[in-house]
Amino acid sequence: MKEHQSTGAQNAYNALKCPAEMDMVVRRAVDRAHKAKKQSLLSKRTLLPVAAALLASVLTLNAMPEFGRAMEQLPGIGWVVRAVRLENYLLGGAITDGQEVGPITISRNTIEITFTQGQSATQTAPWFKTTKQDYPHGLLLELQGVRSLFAGGVMPEITSSPLIRNTYRIITLDDSAQRIMFTFNGPVEVTVTEVASPAGIRIKVAPGQTAATARRYAVRTSSHDVGEQIGIKEGVLNAALGWPESGVRMLQDNQGKHFVEAGLFATRELAEAFIAKIRSTGQVDFALQIEQRGPSDIPVFIAP
């Protein structure tokens, strides 16, 4: 490691501090343990390990690289609830109603999402799920208890990021839910940070390892304008394949239209067999197509 890198890492580590509330909890736990020592040996053996474990957990949290990086640039935004390097998906937030999303800001490698209710910032993020996706590389953000996007609902333009390609809304027929897709130019590592008081979600991306180059065969619908029709098709495929384990997802194509994808397969033969399986349910009466796609390819427009 170069000297300036080592010094920077040491300074970042030294700058990390426990939240004041956490420090107070630790001190009180230790005080209780000392008082209990005078009362009985049993209490001593019970409370001291608890205080020690709590102190160790705080020190471990501060030493985590993901936590340290998440705290670096969050002054004034809120307390960190969790900071997780995403492997598959993350659940967070709390049950809420009537919140509004936004504004959403995108910089070189960071996506910041805030929440309001009325004219005020909310203190707790709504229930959310973030899921990494492939073919193409992306991250789906699902929100519950959110009835609208910020005024106008226009997604921010991406002009300065070499990693973040696009962002768009995905229709949902649930008026208390929102879905937003972020797509990437290649494989990325994603760290998701949830903050509170005020509430927000930070998505930070960094270049990832080279992904597999194998092409896949997608079973999908034709392309449609955003609207109820494509939402109904998504619901029909979910019902036919057994939601929520169906693997059905909605994506945007290279002309800005939306379609529903039912599955990805290694060979065309497997994709054709899957279409036959869907037909056998008797629930799907619309056409399904097969599209060959690479891991970073934007899905193509297919006319109805």
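Taken together, the values in this text are just the output of simple stated rules run on the coordinates, not laboratory data. In this text the structure is predicted, and so the values were computed from the model without any measurement. A quick note on method: Cβ atoms are made from the backbone with ideal geometry, for glycine too, and the neighbour counts reach across all protein chains shown.
Brief remarks follow.
- Gyration tensor (alpha-carbon) shape descriptor, region 163-226, a/c threshold 1.5: oblate
- Here the contact order of region 216-293, divided by its residue count and restricted to Cα pairs under 8 Å and six or more residues apart, works out to 49 percent.
- Residue order, fewest to most surrounding Cβ atoms within 10 angstrom, among ASP225, ASP297: ASP225, ASP297
- Cβ charges +1 (Lys, Arg) and -1 (Asp, Glu), total dipole of region 216-293, debye: 180
- Which of VAL192, VAL84 has the fewest Cβ neighbours within 10 Å, and the rest in rising order: VAL84, VAL192
- Residue order, fewest to most surrounding Cβ atoms within 10 angstrom, among TRP127, TRP243: TRP243, TRP127
- Listed residue pairs exceeding 23 Å between alpha carbons, taken from LYS132/LYS257; LYS233/LYS257; LYS129/LYS277: LYS129/LYS277
- Span from the region 257-302 Cα centroid across to the region 99-163 one, whole angstrom: 28
- Neighbours of ILE230, meaning other residues whose beta-carbon lies under 13 angstrom from its beta-carbon, give a summed charge of +1 when Lys and Arg score +1 and Asp and Glu score -1.
- Shape category assigned to region 106-237 from the gyration tensor of Cα positions, a/c cut at 1.5: oblate
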